[in-house]
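J.: Mind looking over this structure? Questions follow.
The values are calculated or read from the model by the stated rules, or taken from the named source; none is laboratory data. This one's a predicted model, so the numbers in the text were calculated from it and none came from an experiment. A quick note on method: Cβ atoms are made from the backbone with ideal geometry, for glycine too, and the neighbour counts reach across all protein chains shown. Just so you know, the surface numbers come from the protein's heavy atoms only, side chains and all, with ligands and any DNA or RNA stripped out. Shrake-Rupley method; radii C 1.70, N 1.55, O 1.52, S 1.80 Å.
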Amino acid sequence: MTTGTPEASARGTALDPARRLAQALAEEAEVVAREVEGLGPLETDRALFFLLSAYDIATEMWFQKGDPTAPVLTNWELPWRKYGGDNPTTIYLSAPVSPHLRYRLRGPIGDAVYAGLQVYTKGPGFNAPSANISDTRLLRGGREIDLLIGGPDPGDGAPWIPLVADDYLVMVRLYHRQVPGVVPPPISLTCLDAAPGTGPSLTQRADEAEAFFRDCVLSTMSVTEVLRQAGVNGYPPPDAPVHQPRYTGALFPTLDNVYDGFYVSLQPGQALRLRGNPPTARFCSFVFYDRWFNTPDIPAHRCFLTGEDVQLQADGSYELILGPQNPNHPNWIDTAGLTEGIFAIRYLLPERRDLPTAEVINVG
């Protein structure tokens, strides 16, 4: 037997990060299970999808691709993995970076109607947007990204964005009119300074993956609870108290977007009718998410509409119907059988926006 020998102890120490990851998965599974206890198999399936998606993206982004000296972009949203308020027509690519190094981001944007890069810095328990550059400066009239990140401004007018102390992650967003393919465009991030392999150890990267995974669960549940407290089936009045999520360590807002949302709770035979005027923005989307901020299965369920998808009334306004039952309405947002979740409007580079009215109606 080798139990208790120095060799066994060394093996145990080397694999402790894996054990901690397994323990995190088991503990957070219990947290998620309590949230959907008694809600039925559909909600249980959505909880399982969320939990393993969060675990998958945490290990890919922070363990497998967690070396800022040899960065590899993580594609966040896939048909078999979603996280954090995915927008079905957007590609999200991220990688960890070091504020002490320089990087070059290169590649085509395909048929995207917008390309932007957001740098994130760490606050106490949250991610704060740092430097930002969008396509009006990023692309310089072309369809290719060639961006220097970090270091001093080269001063030649080429696209450049700084990195400052505590900056640790960059995210590329590519917005499309239609749902893009599974394979993202060949955009690469290259470190210009450090030699590959001089970054954090595998143990450190595993610990980062564990911490991010736990933050994924806490952040998602915290945001959902805040939306519930603010009001159900409609936007709270302007003078309502502002509730702040307790945990936001795995959320990544961008300076180019504005979001409006509320919690949805319907009874059988009910739907939500939303009426409003289209915003003035580069892009907007109306999206239904489950309680875990994941869209249901696409394309089996049309759980979202872009501004271009929405059929307008004669006076230029819109009417949307959101619910699990098909009302034979051109602007139906399908909740894929769910009666609870989150409705959100996303505005990209907005110039004007108005909140729609919302009312529960019977469709059965």
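J.: Would you mind getting the accessible area per residue of the range 167-221, heavy atoms of the protein chains only, 1.4 Å probe, in Å²?
T.: About 43 Å² of surface per residue is accessible.
J.: Go ahead and run the numbers for FRET between Q267 and A22, Cβ-Cβ distance against an R0 of 51 Å, rounding to 0.05.
T.: Once the sixth-power term is evaluated, E becomes 0.80.
J.: Based on alpha-carbon centroids, what's the gap between the range 68-138 and the range 284-298 in Å, whole number please?
T.: The two parts, judged by their Cα centres, are 20 Å apart.
J.: Which whole-number percent gives the relative contact order of the range 292-344, counting Cα pairs below 8 Å spaced six or more residues apart? Walk me through the intermediate numbers first.
T.: Details: 61 pairs, mean separation 19.1, N = 53.
With pairs under 8 Å counted, the relative contact order is 36 percent.
J.: On to the next question. What accessible surface, in Å², does a 1.4 Å probe find on V360, ignoring ligands, DNA and RNA and rounding to the nearest 10?
T.: 60
J.: What does the charge count around T121 come to, taking other residues whose C-beta lies under 11 Å from its C-beta (Lys +1, Arg +1, Asp -1, Glu -1)?
T.: So the surrounding residues net to -1.
J.: I need the per residue convex hull volume for the range 282-334, using only the alpha carbons, in cubic angstrom as a whole number. Don't skip to the end; give the middle numbers.
T.: On the way: hull volume 4.9 nm³, N = 53.
Considering the Cα atoms of the range 282-334, their hull volume per residue is 92 Å³.
J.: May I pose another question? Roughly speaking, what is the centre-to-centre gap between the range 23-42 and the range 165-213 when only Cα atoms are used, to the nearest Å?
T.: The range 23-42 and the range 165-213 have Cα centres spaced 29 Å from each other.
J.: Pop the C-beta distance of E319 and V182 into the FRET formula with R0 = 35 Å and round what comes out to the nearest 0.05.
T.: Values: r = 33 Å, r/R0 = 0.94.
Here the calculated transfer efficiency is 0.60.
J.: Let me ask another. Multiplying the sequence separation of L312 and A14 by 0.36 nm and subtracting their Cα-Cα distance, what value in nm do you get?
T.: Fully extending the segment from L312 to A14 adds 101.2 nm.
J.: Kindly rank 65-73, 288-296 from highest to lowest mean number of other beta carbons found within 10 Å of each residue.
T.: 288-296, 65-73
J.: Oh, and also: On the protein heavy atoms, probe 1.4 angstrom, tell me the percent of accessible surface of the range 65-175 carried by carbon and sulfur. Write out the running numbers ahead of the final one.
T.: Numbers: 2250 of 4060 Å².
Of the solvent-accessible surface of the range 65-175, carbon and sulfur hold 55 percent.
J.: Of the heavy-atom accessible surface of the range 223-364 (probe 1.4 angstrom), what whole percent is carbon and sulfur?
T.: On the range 223-364, the fraction of accessible area on carbon and sulfur atoms equals 49 percent.
J.: Contact order normalised by length for the chain, with contacts defined as Cα pairs under 8 Å and 6 or more residues apart; what percent is it?
T.: Values: 771 pairs, mean separation 65.3, N = 364.
Result for the chain is 18 percent.
J.: Based on the alpha carbons, how large is the Rg to Rh ratio for the range 107-244 when Rh follows Kirkwood? Show your work: numbers first, answer last.
T.: Working: Rg = 19.0 Å, Rh = 18.5 Å.
Across the range 107-244, the Cα-based Rg/Rh ratio is 1.03.
J.: Just the number please: accessible area per residue for the range 314-364, 1.4 Å probe, all protein chains included, in Å².
T.: With all protein chains present, the range 314-364 gives 45 Å² per residue.
J.: Let me ask something else about it. Picking from I91, I187, I333, which is most flexible by a Gaussian network model of the chain using Cα springs under 10 Å?
T.: Looking only at I91, I187, I333, the largest GNM fluctuation is found for I187.
J.: If E340, E43 are ordered by their accessible area, calculated over protein heavy atoms with a 1.4 Å probe, which sequence runs from highest to lowest?
T.: Sorted by accessible area, descending: E340, E43.
J.: How would the range 86-128 be classified by its alpha-carbon gyration tensor: rounded, prolate or oblate, with rounded meaning a/c under 1.5 and the a/b versus b/c comparison settling the rest?
T.: Numbers: a/c = 3.23, a/b = 1.40, b/c = 2.31.
It comes out oblate by the Cα gyration axes.
J.: So, how do all the Cα-to-Cα distances of the range 197-343 break down into 5 Å bins, in percent, from 0 on up?
T.: Final binned percentages: 2, 8, 15, 18, 18, 16, 10, 6, 4, 3, 2, 0, 0.
J.: Once phi is turned into θ = phi - 60°, what whole-Hz ³J(HN,Hα) does the Karplus curve with 6.51, -1.76 and 1.60 give for every residue of the range 163-169, x standing for Gly and Pro?
T.: 10, 10, 3, 6, 5, 9, 8
J.: If you wrap a convex hull around the alpha carbons of the range 37-78, what volume per residue comes out, as a whole number of Å³?
T.: Looking at the range 37-78, the number lands at 59 Å³ per residue.
J.: With a 1.4 Å probe and every protein chain left in place, work out the accessible area per residue of the range 9-126 in Å², rounded to a whole number.
T.: 43
J.: Taking the Kirkwood radius as the inverse of the mean 1/r across Cα pairs, report the Rg/Rh of the chain. The partial results should precede the final answer.
T.: Values: Rg = 21.8 Å, Rh = 22.0 Å.
Across the chain, the Cα-based Rg/Rh ratio is 0.99.
J.: How far apart, in nm, are the 7 Å Cα→Cβ label points at V72 and Y168?
T.: Between V72 and Y168, the simple spin-label model gives 2.1 nm.
J.: Helix-derived [θ] at 222 nm for the chain: sum -39500 (n - 2.57) over DSSP H runs of at least 4, divide by residue count, nearest 500?
T.: The per-residue figure over the chain is -7500 deg cm²/dmol.
J.: Tell me which residues come under 5 Å, amide H to amide H, from I187 once H is placed; ignore anything under 5 positions away on its chain.
T.: Under 5 Å from the amide H of I187: no residue qualifies.
J.: Same structure, new question: Please compute the modelled spin-label separation between T280 and N328, points set 7 Å along Cα→Cβ, answer in nm with one decimal.
T.: A separation of 3.9 nm, rounded to one decimal place.
J.: Over the alpha-carbon set of the range 1-140, work out the extent along each principal axis and list the three values in angstrom, largest first.
T.: 66, 46, 31
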